[in-house]
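To start, the structure under review is shown below, and the notes come after it.
The values are calculated or read from the model by the stated rules, or taken from the named source; none is laboratory data. Note that this is a predicted model, so its numbers are computed, not measured. All Cβ positions, glycine included, derive from the backbone under ideal geometry; neighbour counts span all protein chains shown. Quick note on the areas: whole protein, heavy atoms, side chains included, nothing else; ligands and nucleic acids left out. Shrake-Rupley method; radii C 1.70, N 1.55, O 1.52, S 1.80 Å.
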Amino acid sequence: MSNVTVFGKVETKTQSFPVGTAETLWLFELFDKNGFRVSFIEQSVPSTIFPDVNQGQKYTMKVTKNGVTVSQEFTTPLVSSDLEVPVSLTITFDAV
């Protein structure tokens with residue numbers, strides 16, 4: 001079965017913090033249905049890509065920035081199945 005690429009994009013708003021609060025990177029985390037973190041990335045932009053994610057599975061994407069977190073559950077679509085098929089045949093002989 002092939003895998004899919006999952007894209008995440010955050011809708012943002014401006015929020016006031018106390019003077020001296022350091023800005024953090026965007027932390028994107030991908031969790032499987034059992035709550036196991038299968039992947040994560042920190043970056044300076046409010047969007048990300050998780051390539052090579054199993055299709056037909058339940059996941060949760062969690063995003064944290066400056067101590068504020070949002071999350072979204074989703075199920076990856078079933079898009080195709082990769083199955084083996086014959087492409088050639090080789091014949092050999094044992095000399096007598």
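Data overview
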{"item": "Pairs beyond 18 Å (Cα-Cα), from Lys13/Lys58; Lys33/Lys65; Lys9/Lys62", "result": "Lys13/Lys58; Lys33/Lys65"}
{"item": "Probe 1.4 Å, protein heavy atoms only - accessible area per residue of the chain in square angstrom", "result": "81 Å²"}
{"item": "Fraction of accessible area attributable to carbon and sulfur, the chain (%, probe 1.4 Å)", "result": "54 percent"}
{"item": "Potential extension, Thr69-Lys13 segment - 0.36 nm per residue separation minus Cα distance", "result": "18.9 nm"}
{"item": "Per DSSP, loop chymotrypsin sites (Phe, Trp or Tyr not before Pro) in the chain with at most 14 further Cβ within 10 Å", "result": "Phe36, Phe93"}
{"item": "With at most 16 other Cβ atoms within 10 Å, longest stretch of the chain clear of loop trypsin sites (Lys or Arg not before Pro) (DSSP)", "result": "34-96"}
{"item": "Contact order relative to length of the chain, as percent, for alpha carbon pairs under 8 angstrom and 6 or more apart", "result": "32 percent"}
{"item": "Counted charge near Thr75, where neighbours are those whose Cβ lies closer than 12 Å (Asp, Glu -1; Lys, Arg +1)", "result": "0"}
{"item": "Those GluC sites (Glu not before Pro) in the range 4-96 that DSSP places in a loop and that have at most 15 other beta carbons within 10 Å", "result": "Glu11, Glu23, Glu84"}
{"item": "Length added when fully stretched, Val96-Glu42, from 0.36 nm per residue minus Cα-Cα", "result": "12.9 nm"}
{"item": "Label corresponding to log10 I(q)/I(0) by the Debye sum over Cα atoms at q = 0.10, 0.20, 0.22 Å⁻¹ when calculated from the structure given, among (i) -0.29, -0.96, -1.11; (ii) -0.26, -0.96, -1.12; (iii) -0.42, -1.00, -1.13", "result": "(iii)"}
